[in-house]
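To start, the structure itself, in C-alpha cells.
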C-alpha cells in the first residue's frame, strides 16, 4: 500500500470515528438524567474553593465590565454563591433574603445591598445567635421565580426567609416572564403541579427542549455560560466587582402618564384571582417549619404630573391601594408574618426605578426591617 | 476571523481543491482573496468606509505592483491586463451586491458609479506609474515613504482622529464624532510590510518578476491577511507556480493545524481573555497576587490568540497548497530573550532584521562605531520601531525599548559569559533562563496591554508589593 493510500485510509478512519464519537457523546448528554448534571454542577465550582463565593446570585447585562453574567442554571448559580460555601454554625441564625432587583441590589455595591446593611446592624437574638443575612434576590419581578429560589434556598438551612415583593410580581402573566423560570422546566413543573399556583404546565412560555436541544450542541450556550461564570470568578476575586454601575443613569420617572389601567384592569375592578397570591401560599408551604416574613417593599411616590392618578411608573393609585388592603387581609387570614414597608424609605432615596434604592435608602429599609426580623428571630416558632 | 468565517473558508477550500488545476488555481485564489478581504473587513461608523478600505488595500497593491514591475515581463502586459480587468470586475461585482438583499460587506456598498470612477482613476494612476515611474529609485522611495506616512497616520491617535474627521467631512457626517478608531483598516499593518518588502527588494534588485495576479494574491492572501505570517514574495509565488496537489496527508496536516488553532484561539485564548489584564480592570485590582494572575493570563492569552491564528492561517493555506512560514516556536520556553525573539512572531522579527537591523548595523560598522554601541543602537531602535508598529504611543515605545534593552543586555552577558563561566548543569540553567526570560517578557506586557503610562505604573506598583 503506498503512503497516499494509507493517508486516505487514515483520514477516513479519523472522520468516521470522530463522527461516531460526536454523535454518541451528544446522545449520552441528551439522555443523562438532569439530577446527575445538577450533582456535578453543585460540586464542581471554583467558587468557595479557588475564589470566594459571590455575595449575590450571578446576573449581568454587561459581562465584560461587570465580570458577571445572567444564566439559567440554578445549580451553577447557587454553587457560585457564598451561602454554598458557608457551613452553618451553632451560633448563627441564618436569614435568606429573596425578592427582585431591589433585593439583589441593582446599582448598589455589595456592601450597600439590603442584606449587607442588615449584616452591618450586627443583630443578635435572645438565644445569643448572630443573625447572618444572605442575598438571594434576583432581578426580574415574578413570585414564581421567587418561589423557585426559595425552594432551592431550603438546602442551605435558613432559620428565616425574608421575602420582599411588590404588586408587579403578582399578575399571572408575569409568573412565567423571567428566563430563569422559562428555562428550569423540571423545577417549575414541580411548582405548577400544585394547584395553588393555578398556572397551566403546558403554557407555551415554558420552554420544553426537544431531544436535539438537549444535546451538547443544543446546550452549547448554557454550557458556555457555566464555564464563563467560573472564569469570571477570577475577576470577581481580583476586583470584588460583580455589577457595572454607570456614573450616571436616567432617574425614576417623576412625570407620569394619565393612565389608570393596570394589566387591563380599571378602577373598581380587582378580582383576587387576577393575581398569583397562590405563589405566596406555595412559598410559605415550601418553607415548611422555617418562618417567612413577607414584606411589601418600599416604592417611590411621584409628586409630578398625574401623580394624583398614579403613584409611580408601575402603579395607578387605586390598584396599589387595593393590593395593600388585599395583602393585609390575606396575610391575616393565612397567619403569615407580613409587614408593609411601602413608605419605609425617603422618597429621595430611589435611583433609576421606583423600587431601586440608594445606599442610604437601603440602610433605611434595613433599620425598618431589623425590628420585625428580630421579633421573629427571638420567637421563631 | 470568526468561527463561522473560518468554517466557510475551510469548507470552501476543501470543496474547491479537487477542481483546482494550475491554470485556475491562481485566478481562484486571487478572486477568493479579494472577496475575503471585503467579507473580513469590520464595519466602521463612517459611511461606506468598510467598502472603501478593502478597495484602498487593492488600490495600494496595484500601485505598488505598477512601481515595482519589470517593464518587460515574461508573459507580457496581456496577462496583467486580464488580471486588472478581473480585479475590476470582481470589485464591481461586490459593489453591485448593493442591489441584492445580502452583501458580503458589513454595510451596503456605495453607489456603483462612485466605485467605477474610483477604479478607473486608480487604473489610470497605475498605468501612468507603470509607464513612467516603474523601477525608478526615486519613485520606489516615494512609495516607501508614502506607505510609512500612511502607517504613521493610522497608528497615531491624534493623526488618525484628524483623518477620520477629514473622511467624515467628505461623507457629510459630523466631524465632532471623529474618533481614532473609526478607521479600522483590517490587515493594513501586514499589507504594509509586504508592500515595503517588495519596494525595498525592487530597489536592491532582488525582486523577481511577479504578475499582477500573483502579486495581488501574495499581498492579500486571505488566510494570512489579518494576522500574518509575513511571507516573502519569491517564496510565495514559488508555491503558487508549483502544481497543486492536495492529497490526504496534506489535508490531514491542514485540518490538524486548523483544529489546533481553533483550540488555541477560540477556547484557550478567549477563555483567558475573560480574566486578562486590561484597561478596565487594572485600577479595580488592588491585590498583588491577583495582579500577577491577571498579567499571567494576559501573557498566555496573547500567545494563544496569536499563535492560534497562525495555526489557522497555515492550516487553511495548507489546504490550498501554500506553505506559509512558521511564526511561533514555543517562545515562552526559551532560555533567553534572543531565543525568545527568534521564536515569537518570527516573520516580523526576520522582516525587521532584513530591512532595518542589518542595513543599520552595516552602516554603523562602516563608520567605525564600536560593537557595543552598534548593538545597543541596533537593538534599541529596532525594538522601538517594532513597538511603534503596534501604535504610536508612549507605552508601545517603552515596550519596544524594554525588549531592546533586554536583547542588548543578553547579548553583552552572553559575550561576557562565553569565555568566563562554565555551566555544570545545563538543564537547570535552561529552566532558570526560561523562567527569567518569561518573567521579563511578562513584565514587558504591562506596557503593551495597557494604553496609558499611568495604568502601567500603577500595575507595576501593585505587582511589587504596593497591593493589599
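Worth a mention:
- For the range B:108-126, the criterion of being within 27 Å of residue B:205 (Cβ to Cβ) and part of a helix (DSSP H, G or I) is met by at least one residue.
- Residues in the range A:138-168 that are assigned to a helix (DSSP H, G or I) and under 22 Å from residue A:107 (Cβ atoms): 5 in all.
- Scanning the range B:263-278 for residues that are surrounded by fewer than 19 Cβ atoms within 10 Å (Cβ to Cβ) and in contact (Cβ under 8 Å) with a residue 60 or more places away in the chain, we see that the one that is farthest from the other protein chains (Cβ to nearest Cβ) is B:266.
- Screening residue A:107 with (1) on the phi > 0 side of the Ramachandran plot; (2) surrounded by fewer than 21 Cβ atoms within 10 Å (Cβ to Cβ); (3) within 14 Å of another protein chain (Cβ to nearest Cβ) gives one miss only, at (3).
- The residue list A:213, A:173 contains one member that is assigned to a helix (DSSP H, G or I), more than 30 Å from residue A:316 (Cβ to Cβ) and out of contact with any helix residue (DSSP H, G or I) (no Cβ under 7 Å at 6 or more places or on another chain), which is A:213.
- Selected residue (criterion: surrounded by the most Cβ atoms within 10 Å (Cβ to Cβ)) from residues of the range B:279-301 that are under 22 Å from residue B:437 (Cβ atoms) and at the interface with chain A (Cβ under 9 Å from one of its Cβ atoms): B:294
- Tally of residues being crowded, with 21+ Cβ neighbours inside 10 Å and either free of Cβ contacts under 8 Å to residues at least 60 places away in the same chain or closer than 12 Å to residue A:373 by Cα (or both) across the range A:116-131: 2
- Within the range A:4-53, the set of residues being in contact (Cβ under 8 Å) with a residue 60 or more places away in the chain and within 13 Å of another protein chain (Cβ to nearest Cβ) comprises A:46, A:50, A:51, A:52.
- Residue count, the range A:170-185 (criterion: crowded, with 24+ Cβ neighbours inside 10 Å and either within 16 Å of residue A:78 (Cα to Cα) or modelled with pLDDT of 95 or more (or both)): 2
- Residue ID - nearest to residue A:45 (Cα to Cα), chosen from residues in the range A:235-252 that are more than 23 Å from the chain's Cα centre (by Cα) and buried (at least 20 other Cβ atoms within 10 Å of the Cβ): A:238
- Enumeration of residues in the range A:250-305 that are in a helix (DSSP H, G or I) and free of Cβ contacts under 8 Å to residues at least 60 places away in the same chain: A:272, A:284
Per-residue answers, yes or no, for (1) under 17 Å from the mean Cα position of the chain (by Cα); (2) outside any loop (DSSP other than H, G, I, E, B):
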| site | (1), (2) |
| --- | --- |
| B:141 | no, yes |
| B:150 | yes, yes |
| B:158 | no, yes |
| B:165 | no, yes |
| B:190 | yes, yes |
| B:197 | yes, yes |
| B:210 | no, no |
| B:223 | yes, yes |
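- Positions within the range A:354-372 being touching a helix residue (DSSP H, G or I) at 6+ places or on another chain (Cβ under 8 Å) and buried (at least 22 other Cβ atoms within 10 Å of the Cβ), in sequence order: A:355, A:356, A:357, A:362, A:365, A:366, A:369
- Verdict on residue A:227 being at the interface with chain B (Cβ under 9 Å from one of its Cβ atoms), surrounded by fewer than 17 Cβ atoms within 10 Å (Cβ to Cβ) and either assigned to a loop (DSSP other than H, G, I, E, B) or touching a helix residue (DSSP H, G or I) at 6+ places or on another chain (Cβ under 8 Å) (or both): yes
- Of the set (1) under 30 Å from residue B:290 (Cα atoms); (2) out of contact with any strand residue (DSSP E or B) (no Cβ under 6 Å at 6 or more places or on another chain); (3) within 14 Å of chain B (Cβ to nearest Cβ); (4) touching a residue at least 60 places away in the same chain (Cβ under 8 Å), all apply to residue A:222 but (3).
- Residue A:191, sole failed condition from (1) more than 14 Å from chain B (Cβ to nearest Cβ); (2) modelled with pLDDT of 85 or more: (2)
- When residue A:164 is tested against (1) within 14 Å of chain B (Cβ to nearest Cβ); (2) touching a helix residue (DSSP H, G or I) at 6+ places or on another chain (Cβ under 7 Å), just one condition goes unmet, and that condition is (1).
- Across the range B:225-242, the number of residues qualifying as assigned to a helix (DSSP H, G or I) and touching a helix residue (DSSP H, G or I) at 6+ places or on another chain (Cβ under 6 Å) comes to 4.
- Of residues in the range A:54-66 being at pLDDT below 95, within 14 Å of another protein chain (Cβ to nearest Cβ) and in a loop (DSSP other than H, G, I, E, B), the one farthest from residue A:154 (Cα to Cα): A:62
- Candidates B:206, B:245, filtered to the one that is within 14 Å of chain A (Cβ to nearest Cβ), under 28 Å from residue B:328 (Cβ atoms) and either part of a loop (DSSP other than H, G, I, E, B) or in contact with a strand residue (DSSP E or B) (Cβ under 7 Å, 6 or more places away or on another chain) (or both): B:245
- Scanning the range A:230-248 for residues being in a helix (DSSP H, G or I) and more than 7 Å from chain B (Cβ to nearest Cβ) gives a total of 3.
- With respect to the stated conditions, residue B:253 fails to be over 30 Å from residue B:459 (Cα atoms), within 21 Å of the chain's Cα centre (by Cα) and either free of Cβ contacts under 8 Å to residues at least 40 places away in the same chain or part of a helix (DSSP H, G or I) (or both).
- Among the criteria (1) within 14 Å of another protein chain (Cβ to nearest Cβ); (2) surrounded by fewer than 18 Cβ atoms within 10 Å (Cβ to Cβ); (3) within 30 Å of residue A:124 (Cα to Cα), the one residue A:88 does not fulfil is (1).
The values are calculated or read from the model by the stated rules, or taken from the named source; none is laboratory data. Please read all numbers here as calculations on a predicted model, not as lab measurements. Here Cβ is always computed from backbone atoms with ideal geometry, including for glycine, and neighbour counts include all displayed protein chains.
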